[in-house]
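Q: Okay, handing you the structure first.
The values are calculated or read from the model by the stated rules, or taken from the named source; none is laboratory data. In this text the structure is predicted, and so the values were computed from the model without any measurement. When we count neighbours, we look across all protein chains shown, and the Cβ atoms used for this are built from the backbone with ideal geometry, even at glycine.
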Amino acid sequence: FKPSQTAQAAAKPNRSKSEHVKTEIAQVVVDAKTGRTYCKGKLLGKGGFARCYEMTDLANNKMYAVKVIPQSRVSKPHQRGKIINEIELHKSLQHKHVVKFSHHFEDQDNIYIFLELCSRKSLAHIWKARHTLTDPEVRYYLKQIISALKYLHNKGILHRDLKLGNFFVNENMDLRLGDFGLAAKLETVEQRKKTICGTPNYLAPEVLNRQGHGTESDVWSLGCVMYTLLCGNPPFETLDLKETYKCIKEVRYSLPPSLTPSAQKLISAILQKNPSDRLTLDQILAHEYFTKGFTPEKLPPSSCVMVPELNP
Ligand code: ADP
C-alpha cells in the first residue's frame, strides 16, 4: 500500500488540485513505529483543525474514532502547540465519563489521534432530532457530565468549551466528555489569561469581562447546557453576537413556564452573574431537581430520536 494515494482521489480524476489537498486522506494508514495498519471508514464529522473518521485496526478489527489533522494545518509552531497541548492533556485523563484517549502518531501528511469511538455521536445530534429532552433524560446526562467535570476540576483542569457537541454518546448510551482543544490547567486569578480563546459556545459573564476562566465558568456553561436541553434553544441567543454578549453580561434570559419549578430554580441558581454566587457541582447534585426527581439507570437508544417511555 502507498498510504498517500487514496482510492477516493483515484476515483474522481477530474477534481481540481486544490480540492485534492483538502480531501486526500489515505484509505489505509500505517503507524511506522508499531507496524500497525488501520483501515479508514466513514467520516464522523469535521472540526476546526480536524476531520474525524471511523478507523479499524486490521490486526484485531478494533474500531476507533480518529481525529486526522493535516500537517499543513499545523505548520506554525503555535498551531502545533495547541494540538500537542490537547494530546498531552487528554492522554493524562482516565475516567469512565471522559472519551478514552488510545494513542497517537503522525506521518508526513497528518497527525492521527485515536479515540474511543462514540457511535451515537453527541448530544448536539440528539438535540437536533429531539429539540427538547425530558427531565429524567436531562438528569441522566447531567449526572454523567458532572461526574466527568468533578474529575477534571479535581485535577486542576478546566474544559472551557462545554457544549452539546462535546458530550459524546457511545453505543451503550453512556455519555463521554470529549474535545480538550481549549482545556487548560487551572491558574490563580492573577495568572489567568484574560483572552477569549477560540469561539466557545456558552461564555460566562466573567470570561466576557476578561476576568479569566475558573471552575465556576465551566459551571455557567453547564447551566446553559441544561437550559438548552430543556427549553430547545440556548438561554442567550439573539441574531447578533454583540447583543448576545450584552444579554450574558446582564444575565438577561427568560425561563419558559413549561419548565418544572425545580428546573427553574436550579437554572437560576447556576446562571448567577457573580461566580462566587453560583452553585458548585456538589451543590447542583444535592439540589431538589436531582434529589426529588427520578433518574433512569439507562436510556433506550430510541431516545436519540424520540421521547422515551421511562418508568420510575
Ligand atoms: P470540533 O472542532 O467540532 O470540536 P472535533 O475534531 O473534536 O471537532 O470533532 C469533529 C467531529 O467528529 C465532531 O463533531 C463529532 O461529530 C466527531 N467526533 C469527534 N470525536 C468523536 C468520537 N470519539 N466518537 C465519535 N465521533 C467523534
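Q: I'm checking my understanding of the structure. Among residues of region 213-227 that are farther than 12 Å from I270 by Cβ and surrounded by fewer than 24 Cβ atoms within 10 Å (Cβ to Cβ), which one is modelled with the lowest pLDDT?
A: Going through the qualifying residues, I end up with G214.
Q: Let me ask something else about it. Check region 296-305 and report whether any residue there is without any contact (Cβ under 8 Å) to a residue 60 or more places away in the chain, closer than 24 Å to L255 by Cβ and in a helix (DSSP H, G or I). Spell out how you get there, then give the answer.
A: Let us first name the residues in region 296-305 that are without any contact (Cβ under 8 Å) to a residue 60 or more places away in the chain, namely 297, 302.
From what's left, closer than 24 Å to L255 by Cβ: none.
No, region 296-305 contains no residue that is without any contact (Cβ under 8 Å) to a residue 60 or more places away in the chain, closer than 24 Å to L255 by Cβ and in a helix (DSSP H, G or I).
Q: Now, a different point. Name the single residue, out of those in region 240-281 being under 24 Å from P312 (Cβ atoms) and in contact (Cβ under 8 Å) with a residue 40 or more places away in the chain, that is surrounded by the fewest Cβ atoms within 10 Å (Cβ to Cβ).
A: T260
Q: Here is a further query. Among the residues in region 189-202, are any modelled with pLDDT of 90 or more, more than 14 Å from the chain's Cα centre (by Cα), part of a loop (DSSP other than H, G, I, E, B) and within 16 Å of the ligand (Cβ to nearest atom)? Lay out the reasoning, then the answer.
A: Initially, region 189-202 is screened for residues modelled with pLDDT of 90 or more, giving 202.
Cutting the leftovers down to more than 14 Å from the chain's Cα centre (by Cα) gives us none.
Checked region 189-202: no residue is modelled with pLDDT of 90 or more, more than 14 Å from the chain's Cα centre (by Cα), part of a loop (DSSP other than H, G, I, E, B) and within 16 Å of the ligand (Cβ to nearest atom).
Q: Select from region 280-312 the residues that are out of contact with any helix residue (DSSP H, G or I) (no Cβ under 7 Å at 6 or more places or on another chain) and among the aliphatic types (A, V, I, L, M) and list them in ascending order.
A: Listed by number, the residues that qualify are A286, M306, V307.
Q: Scan L93, L89 and give me the residue that is part of a helix (DSSP H, G or I) and not acidic (D, E). Write out each step before concluding.
A: Details: L93 fails: part of a helix (DSSP H, G or I).
Just one listed residue meets the conditions, L89.
Q: Do we have V207 as buried (at least 22 other Cβ atoms within 10 Å of the Cβ) and either acidic (D, E) or more than 16 Å from the chain's Cα centre (by Cα) (or both) here? It would help to see each step written out before you state the result.
A: Working: buried (at least 22 other Cβ atoms within 10 Å of the Cβ): yes; either acidic (D, E) or more than 16 Å from the chain's Cα centre (by Cα) (or both): yes.
Spelling it out, V207 is indeed buried (at least 22 other Cβ atoms within 10 Å of the Cβ) and either acidic (D, E) or more than 16 Å from the chain's Cα centre (by Cα) (or both).
Q: Same structure, new question: So F180 fits all but one of (1) at pLDDT below 95; (2) surrounded by fewer than 19 Cβ atoms within 10 Å (Cβ to Cβ); (3) of a type in the set (F, W, Y); what number is the exception?
A: For F180, the exception is condition (2).
Q: So, one more: Provide a single number: the residues in region 33-62 that are loosely packed, with under 13 Cβ neighbours inside 10 Å and away from the ligand (no atom under 16 Å from the Cβ).
A: Matching residues across region 33-62 total 6.
Yes or no, residue by residue, for (1) touching a Ser or Thr at 6+ places or on another chain (Cβ under 8 Å); (2) free of Cβ contacts under 8 Å to residues at least 12 places away in the same chain; (3) within 13 Å of the ligand (Cβ to nearest atom):
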| site | (1), (2), (3) |
| --- | --- |
| S72 | no, no, no |
| S102 | no, no, yes |
| A124 | no, no, yes |
| H153 | yes, no, no |
| K163 | yes, no, yes |
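Q: In the set T238, T244, which member is part of a helix (DSSP H, G or I) and farther than 29 Å from H97 by Cα?
A: Working: T238 fails: part of a helix (DSSP H, G or I).
Within the list T238, T244, the selection yields T244.
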